[in-house]
Amino acid sequence: MIRIFTSIAIFLLAVSAAGLAQDSTAHLEKAKSLIQDNKFASANDYLETIIHEGGFQPDLVCLQVENALRNHFYQKDYASFYLTDTTVANLPDASDKSFIITYLHYPDRLLQRVIDLYPDYGEAYKLFGDFFRLRLNNPINPIVVNSKAVKDIEEKIFQYYNKASQLGYNSSSVNLWLGHYYQTKNQFDNAVEFYQKNLDSRFHDTMTFFYLTEIFYQEKQYSQSYDFALKALPGLSLSKIDTRYKALRIASLSLFNLGEIERFKKYINECIRLLPDRQESYLALLEYYDQNKDVDKMEKSIRTMLDNNPYDLAGYNFLENFVVKYDRYLFSEQLFANLMMKHENSDQVMGNIHWYRGNIAFHQGMVEEAKKLWEISRNYFSKYLPEDDPLLKKIGNISQKTYAN
């Protein structure tokens, strides 16, 4: 008799569990439908009611937290997340009384309870990582000023995302974050392992392609870096212009190392057209011209480079070496004269010009003239730099082997 009752009890529990699972699935689909229709507040209230009436179920709780983290229009101290039935971009006027506002308090505590009750539920760890990423990415969050605090938060994100991954949670964003975490620590094998998960899962994630481009180029695997750059570029619009520029530049340099010179020149010139104020692409092209001693093209590229960016010192350093190597002192004076006419109101540019005019004069043996030009340079920089700025000490260092001031 006892065995019969026990069997009946087990059967009833199984039926009950199956019913809860079916109900949970239906409630999830209902809530997801509301979220898809931008009914974020309605979804939050619906889930709140279901959880209150049906019990604490991890899938429902996690969806409620995810909705709050992703779709809130305002949050206070990462403790209260406020939602309404519209997107942030379409919020009504504050005087409009027709829209509803609801909230979710302490999503981190809800996630911790899920983990306490269901320690193998991977999505809860993933959402905990999202919670800390939200804190890290908030541009007005004063905590980001403290580098130690930033590292502490990053480590928490890593711990939660890594745990989610270990439990089998497969997410493009989690794989990408973990891959980039290892990449920034130069642990490329670990980074590639997570990026590979996105490739294996056919997550066509642009940044996964881009980060693999960077790794393979750094590892001097130029065919792979070029191939992944080509995969990344279609997803890199002008809104991601800096990353697009970097992908183009790595593609061009990979081609150069593969001996594909004409294609290298095509891509490097595309970099220059995209962001003509970035000196590094001119410098890559100039190094190629230097190998071929194509002095006329070097002069043209140097002039264009400094015309578009007379601020960064790398271009002036190349100019100095070029002038000395190819005896193009007249070219430099004409170039400096044109730059001074265009930038006479910029203390930084005028400081740069006189600094390198001094260097070039020194190379010609005109030490006293060089001293005068360096002093003029210091005077320009002193107008906006503090007296102890390290830059001021660099001016004239070229002469230290010959004389001491």
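The values are calculated or read from the model by the stated rules, or taken from the named source; none is laboratory data. Computed from a predicted model, the values in this text were never measured in an experiment. Virtual Cβ from ideal backbone geometry, glycine too; neighbours counted across all protein chains shown.
Listed by first and then second residue, the pairs linking a residue in region 167-190 that is over 16 Å from residue 151 (Cβ atoms) to a residue that is part of a loop (DSSP other than H, G, I, E, B) and hydrophobic (A, V, I, L, M, F, W, C), with Cβ atoms under 6 Å apart and 6 or more places separating them unless they lie on different chains, are 172/203.
Yes or no, residue by residue, for (1) at pLDDT 90 or above; (2) hydroxyl-bearing (Ser, Thr, Tyr); (3) assigned to a loop (DSSP other than H, G, I, E, B):
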site	(1), (2), (3)
48	yes, no, no
56	yes, no, yes
59	yes, no, no
64	yes, no, no
69	yes, no, no
89	no, no, no
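If you go through region 312-332 and keep only what is over 17 Å from residue 289 (Cβ atoms), in contact (Cβ under 8 Å) with a residue 24 or more places away in the chain and surrounded by fewer than 15 Cβ atoms within 10 Å (Cβ to Cβ), you end up with 313, 329.
State all residues of region 238-278 that are farther than 15 Å from residue 227 by Cβ and of a type in the set (D, E, K, R); if no residue qualifies, say none. If the condition is that a residue be farther than 15 Å from residue 227 by Cβ and of a type in the set (D, E, K, R), then 240, 242, 244, 246, 249, 262, 265, 266, 270, 273, 277, 278 are the ones that fit.
In this structure, residue 127 does not satisfy being under 22 Å from residue 159 (Cα atoms) and out of contact with any Cys (no Cβ under 7 Å at 6 or more places or on another chain).
The single residue among 214, 219 that is free of Cβ contacts under 8 Å to residues at least 60 places away in the same chain and surrounded by fewer than 18 Cβ atoms within 10 Å (Cβ to Cβ) turns out to be 219.
Go through region 117-133 and report how many residues are charged (D, E, K, R) and over 26 Å from residue 150 (Cα atoms). So the answer is 1.
Can you list residue pairs whose Cβ atoms sit under 6 Å apart, with the first residue in region 129-143 being more than 23 Å from residue 170 (Cα to Cα) and the second being acidic (Asp, Glu) and at pLDDT 85 or above? Count only pairs 6 or more apart in sequence or on different chains. Matching pairs, first to second residue: none at all.
Among the numbered conditions (1) more than 30 Å from residue 269 (Cβ to Cβ); (2) in contact (Cβ under 8 Å) with a residue 12 or more places away in the chain; (3) exposed (fewer than 15 other Cβ atoms within 10 Å of the Cβ), tell me where residue 373 comes up short. Only one criterion is unmet by residue 373, namely (3). One residue alone among 255, 283, 339, 319 is in contact with a Lys or Arg (Cβ under 6 Å, 6 or more places away or on another chain), among the aliphatic types (A, V, I, L, M) and not in a loop (DSSP other than H, G, I, E, B), and that residue is 255. Just to be sure before I move on: is residue 224 closer than 30 Å to residue 265 by Cβ, in a helix (DSSP H, G or I), in contact (Cβ under 8 Å) with a residue 12 or more places away in the chain and under 13 Å from the mean Cα position of the chain (by Cα) in the structure I sent? No: the conditions fail for residue 224. Note on region 339-370: among residues that are without any contact (Cβ under 8 Å) to a residue 12 or more places away in the chain and hydrophobic (A, V, I, L, M, F, W, C), the one that is surrounded by the fewest Cβ atoms within 10 Å (Cβ to Cβ) is 341. Is one or more of the residues making up region 265-288 over 30 Å from residue 219 (Cα atoms), at pLDDT 95 or above and of a type outside the set (Val, Ile, Thr)? Within region 265-288 (the criterion being over 30 Å from residue 219 (Cα atoms), at pLDDT 95 or above and of a type outside the set (Val, Ile, Thr)), the answer is no, since none of the residues qualifies.
Give me the residue from region 233-258 that is aliphatic (A, V, I, L, M) and within 14 Å of the chain's Cα centre (by Cα) and, out of that set, surrounded by the most Cβ atoms within 10 Å (Cβ to Cβ). Filtering first and then ranking leaves 247.
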